[in-house]
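Chemist: Quick one: the structure is below, questions incoming.
The values are calculated or read from the model by the stated rules, or taken from the named source; none is laboratory data. Because the structure is a prediction, the values reported are computed rather than measured. Here the Cβ positions follow ideal geometry from the backbone for every residue, glycine too, while neighbour counts run over all protein chains shown. Please note that ligands, DNA and RNA were not included when accessible areas were found on the heavy atoms of the full protein model with its side chains. Shrake-Rupley method; radii C 1.70, N 1.55, O 1.52, S 1.80 Å.
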Amino acid sequence: MEGIILVFGLILVITYLWVMSLFKKRDATLEALDAIDSFVMAQINLIQKCQEMRLLSINEDDKAAIIKLSSGLQADYDKLNFESVEQHFLDRERFEQLVQSILEEIVQNSALVQKTDLLQEVQIYHDLAESVKDAYQYYNVSVSEFNTAVNIFPGMVIAYLLRVKSLPLYPIKLDNSKR
């Protein structure tokens, strides 16, 4: 009888430790998403500031797309839902591609380059983009650990009982030409 109680107690302790480990990994993932979101918000604010200062000359279609994407990126989303996080990442990529093409035009335009404020803002934007890449790498490490814990035994049983699901990795594109 004592052996059964001991085994049951050991199983209970191991389950508790596994659940706490799962929560710790989930919290690290959420922290990484918060870091990403803060850098993205800084980028959006910088683009809006440049538009308000009329430093950027953006055509109406691009302006509408930037407004739509930035409002979507600023909206709340379910950070523990695979599809929601994935859609947020896709919107972030579209925003980055759109803004990147605008910034490349600015750098190539000699009249705009002479506006020192604009060049400084472009450099700040690129610095923020590098910070976002670092945050995505931290996110991917956190998600890899979290997904491993969710997808192996006994974590998969615990995750099923707690309705915890794996999260998507972010595909980072390292752009060596900018460095």
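Chemist: Report Leu22's accessible area, 1.4 Å probe, all protein chains in place, as a number in Å² to the nearest 10.
Modeler: In the full protein context, Leu22 sits at about 0 Å².
Chemist: Quick one, could you list the DSSP H helices from the chain stretching 27 Å or more along their long axis (Cα atoms) with average Kyte-Doolittle hydropathy of 0.5 or above? List each step's numbers first, then the result.
Modeler: Values: long enough: 2-52 (74 Å, 0.85); 82-108 (39 Å, -0.40); 116-151 (52 Å, -0.36).
For the chain, where a helix must reach 27 Å along its axis and average at least 0.5, the hits are 2-52.
Chemist: Which is farthest toward the positive dipole end of the chain among Ser144, Gln87, Val19, measuring Cα position about the Cα centre, with Cβ charges +1 (Lys, Arg) and -1 (Asp, Glu)?
Modeler: Most positive-ward Cα: Val19.
Chemist: Need one word for the range 1-96: rounded, prolate or oblate. Basis is the Cα gyration tensor (sqrt eigenvalues a ≥ b ≥ c); a/c below 1.5 gives rounded, then a/b vs b/c decides.
Modeler: Prolate, since a/c reaches 1.5 and a/b exceeds b/c.
Chemist: With only alpha-carbon atoms in the gyration tensor, what are the semi-axes of the equivalent ellipsoid for the chain, in Å, largest first?
Modeler: 45, 15, 12
Chemist: Residue farthest toward the positive end of the dipole of the chain, with Cβ of Lys/Arg at +1 and Asp/Glu at -1: which of Leu6, Val122, Tyr77?
Modeler: Value: Leu6.
Chemist: Sticking with this structure for a sec: Can you give the FRET efficiency for Glu145 and Glu83, using 1/(1 + (r/R0)^6), R0 = 22 Å, r = Cβ-Cβ distance, to the nearest 0.05?
Modeler: Rounded to the nearest 0.05, the efficiency is 0.55.
Chemist: If Asp127, Asp91 are ordered by their accessible area, calculated over protein heavy atoms with a 1.4 Å probe, which sequence runs from highest to lowest?
Modeler: Asp127, Asp91
Chemist: Here's something else I'd like to know. Relative to the Cα centre, what is the charge dipole magnitude of the range 1-56, using +1 at the beta carbon of each Lys and Arg, -1 at the beta carbon of each Asp and Glu, and rounding to the nearest 20 debye?
Modeler: The dipole of the range 1-56 has a size of about 200 debye.
Chemist: If DNA, RNA and ligands are ignored and the probe is 1.4 Å, what is the ranking of Arg26, Arg92 by accessible area, most exposed first?
Modeler: Per-residue accessible area, sorted high to low, gives Arg26, Arg92.
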